[in-house]
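Trainee: Sending over a structure as structure tokens; questions will come in a sec.
The values are calculated or read from the model by the stated rules, or taken from the named source; none is laboratory data. As the structure is a computational prediction, the values presented were derived from the model and not from experiment. When we count neighbours, we look across all protein chains shown, and the Cβ atoms used for this are built from the backbone with ideal geometry, even at glycine.
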Amino acid sequence: MITADEIKKMARQTGFDLCGITTPEEVPEDAERYREWLEKGYHADMAWMAASQQRRIAPKSLMDTVQSIIMLGVNYYQPDSEQIPAGRGRVSRYARGRDYHKLIARMIKTFLVRIEKAMDRDAVVQEKDSVRFKWWVDYGPFLERAYARKAGMGFVGKNSMLINKDFGSWFFLAEIVTTLELEPDTVPDNFHGSCGRCTRCIEACPTGAIVEDGLIDSKRCLSYLTIEHKGAIGKDLAEAAGDILFGCDICQEVCPYNIKRAVPTKHKQLLPEYGVGEYVDCEKILSLESDEQFLKLTAGTPLTRPKLYGLKRNAEIVLENAEQDNME
Ligand code: B12
Ligand code: SF4
Ligand code: SF4
């Protein structure tokens, strides 16, 4: 029967930067934090985060025969220019190239073909036919950071990011739930480090969105406001956005683990030349008149998410903030 070590070797061969294995038991501490987050309304208008509560805390409700969870990580770090040209809005690192959901989905499909070939080698046909896999990248009803932590891939920082000793927090997560029985990883809590007394991310967050250690109030988070939020953005929060057009990296940029450990990504499609780039001309965005024109600029990249209205709203904010800076 296929082993956990073989699975991890195949994950590396497929291009995944991280792979950890864990069991599908619920994680009471994380479930409690998630409940608290919902109760306090920190999910803002992301109703889907509340609707999928049971499935998120109990992987068995996604597959009743699940035995193991394979957690996967893809490093997306890329360096930043110190200054961006006037009139441009900044795009966070994860979104500058092609849409990571599609890239990782393709990698998972290749990975599963490899696993199935290895199972053919074992040649117990009946056994192979009964093995099942289900997978998601980000959008699944799954508490990804909780299970990735349990699978030994990192610790949860005060900025709520999962931080790994070799890559910092600049990596995406994805998961495969399976009926395969695999040896789970057991990694001590402090293996990847800890925040200790550091509070840099809390101090650096321009909107005070890190309200408790590891809990983010999305209503104040610029990542939520520039990507997911559908309406207007309040004056104070808009002013705090500075030159941010899409997503926010501030609480990661200041983290000592990211300063010391970041490794440039090997996944070329995530680089700026494959997508909208590190920054986008805000006047160009404001001149877009139709969904067709919007898609010409954003198709195949994460920037489709806020739609034309949201991206124009963000571009206006960046230009207003630049004008304000020039007047001071
Ligand atoms: C909703 C969501 C958001 C929301 C809310 C974020 C939040 N912090 O909750 C918004 C839109 C704001 C957002 C922003 C971003 N997101 Co987001 N988001 C998600 C999503 C879909 C669900 C997260 C969730 O369940 N939140 C609810 C809270 C309660 O859960 P949590 O933050 O994950 O924390 C859990 C554990 O970490 C644990 N925990 C927390 N603190 C502590 C402390 C201790 C001691 C312990 C033991 C446990 C613990 O409890 C929680 C419940 O399990 C996940 C994908 C997924 N399916 O999980 C991506 C995900 C978390 N996002 C991701 C990314 C990259 C981002 C951004 C960096 C994007 C950007 N540049 O703009 C920012 C970062 C903002 C930030 N500091 O969190 C990555 C994170 C990868 C990583 N290395 O951690 C994920 C995993 C997507 C992916 N597949 O790669 N996101
Ligand atoms: S992503 Fe930006 S706004 Fe959100 S918590 Fe981090 S620093 Fe604050
Ligand atoms: S900046 Fe400091 S407090 Fe914040 S996540 Fe990194 S180590 Fe933890």
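Conditions (1) farther than 20 Å from residue 74 by Cα; (2) more than 7 Å from ligand 1 (Cβ to nearest atom); (3) surrounded by fewer than 24 Cβ atoms within 10 Å (Cβ to Cβ), marked per residue:
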{"residue": "151", "(1), (2), (3)": "no, yes, no"}
{"residue": "156", "(1), (2), (3)": "no, no, yes"}
{"residue": "165", "(1), (2), (3)": "no, yes, yes"}
{"residue": "171", "(1), (2), (3)": "no, no, no"}
{"residue": "190", "(1), (2), (3)": "yes, yes, yes"}
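Trainee: Could you please find all residues in the stretch 148-185 being on the phi > 0 side of the Ramachandran plot and either within 16 Å of ligand 2 (Cβ to nearest atom) or polar (S, T, N, Q) (or both)?
Mentor: Residues satisfying the conditions are 160, 168.
Trainee: Give the residue that is nearest to residue 40 (Cα to Cα), with candidates limited to residues of the stretch 216-262 that are more than 10 Å from ligand 2 (Cβ to nearest atom) and in contact with a strand residue (DSSP E or B) (Cβ under 6 Å, 6 or more places away or on another chain).
Mentor: Per the criteria, the residue is 246.
Trainee: Please identify the pairs in which a residue from the stretch 300-322 that is touching a residue at least 40 places away in the same chain (Cβ under 8 Å) and in the same structural domain as residue 271 (by TED's automatic domain parsing) has its Cβ atom under 6 Å from the Cβ atom of a residue that is surrounded by fewer than 18 Cβ atoms within 10 Å (Cβ to Cβ) and among the aliphatic types (A, V, I, L, M), counting only partners at least 6 apart or on another chain.
Mentor: 315/286
Trainee: Another question about this same structure. Name the one entry in 257, 224 that is at pLDDT 95 or above and in contact with a helix residue (DSSP H, G or I) (Cβ under 9 Å, 6 or more places away or on another chain). Quick ask: steps written out before the conclusion?
Mentor: Details: 257 fails: in contact with a helix residue (DSSP H, G or I) (Cβ under 9 Å, 6 or more places away or on another chain).
On inspection, the qualifying residue turns out to be 224.
Trainee: Continuing with the same structure: Where in the stretch 1-101 are the helices (runs of 4 or more DSSP H), entirely inside, with at least 3 residues that are over 19 Å from the mean Cα position of the chain (by Cα), of a type in the set (Ser, Thr, Tyr) and more than 24 Å from residue 261 (Cα to Cα)?
Mentor: none
Trainee: Moving on. Of all residues in the stretch 289-315, which are over 22 Å from the mean Cα position of the chain (by Cα) and surrounded by 13 or more Cβ atoms within 10 Å (Cβ to Cβ)?
Mentor: So the first thing to find is which residues in the stretch 289-315 are over 22 Å from the mean Cα position of the chain (by Cα), and the list is 289-297, 308-309, 312-313, 315.
Within the stretch 289-315, 293, 294, 295, 297, 308, 312, 313, 315 meet the criteria.
Trainee: Among all residue pairs at least 6 apart or on different chains, which show Cβ distances below 6 Å where the first residue, located in the stretch 171-198, is in a strand (DSSP E or B) and the second is surrounded by 13 or more Cβ atoms within 10 Å (Cβ to Cβ) and basic (Lys, Arg)?
Mentor: 177/134
Trainee: Now, a different point. In the stretch 218-252, how many residues are under 16 Å from residue 37 (Cα atoms) and either within 16 Å of ligand 3 (Cβ to nearest atom) or among the β-branched types (Val, Ile, Thr) (or both)? Break it down stepwise before answering.
Mentor: Just the residues of the stretch 218-252 that are under 16 Å from residue 37 (Cα atoms), to begin with: 218-221, 224.
Add one more test, that the residue is either within 16 Å of ligand 3 (Cβ to nearest atom) or among the β-branched types (Val, Ile, Thr) (or both), and what stays is 221.
Matching residues across the stretch 218-252 total 1.
Trainee: Among the residues of the stretch 195-212, count how many are surrounded by 15 or more Cβ atoms within 10 Å (Cβ to Cβ) and either more than 10 Å from ligand 2 (Cβ to nearest atom) or at pLDDT below 95 (or both).
Mentor: 4
Trainee: Could you check residue 188 against (1) at pLDDT 95 or above; (2) more than 11 Å from ligand 2 (Cβ to nearest atom); (3) out of contact with any His (no Cβ under 7 Å at 6 or more places or on another chain) and say which number it fails?
Mentor: Result: residue 188 passes all but (1).
Results for (1) touching a residue at least 12 places away in the same chain (Cβ under 8 Å); (2) more than 16 Å from ligand 3 (Cβ to nearest atom); (3) surrounded by 17 or more Cβ atoms within 10 Å (Cβ to Cβ), shown as yes or no for each residue.
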| residue | (1), (2), (3) |
| --- | --- |
| 79 | yes, yes, no |
| 87 | yes, yes, no |
| 95 | yes, yes, yes |
| 103 | yes, yes, yes |
| 110 | yes, yes, no |
| 113 | no, yes, no |
| 147 | yes, yes, yes |
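Trainee: State which residue pairs qualify: first residue free of Cβ contacts under 8 Å to residues at least 40 places away in the same chain and inside the stretch 238-251, second residue surrounded by 20 or more Cβ atoms within 10 Å (Cβ to Cβ) and of a type in the set (A, V, I, L, M) in any location, beta carbons under 8 Å apart, and separation of 6 or more residues or different chains.
Mentor: 240/222
Trainee: Shifting gears a bit: When the residues of the stretch 278-289 are filtered to those that are in contact (Cβ under 8 Å) with a residue 12 or more places away in the chain and assigned to a loop (DSSP other than H, G, I, E, B), which remaining residue is nearest to residue 304 (Cα to Cα)?
Mentor: Of the residues in the stretch 278-289, the ones in contact (Cβ under 8 Å) with a residue 12 or more places away in the chain are 278-286, 288.
The next check asks that each one be assigned to a loop (DSSP other than H, G, I, E, B); those that pass are 278, 288.
Numbers: 278: 16, 288: 13 Å.
The selected residue is 288.
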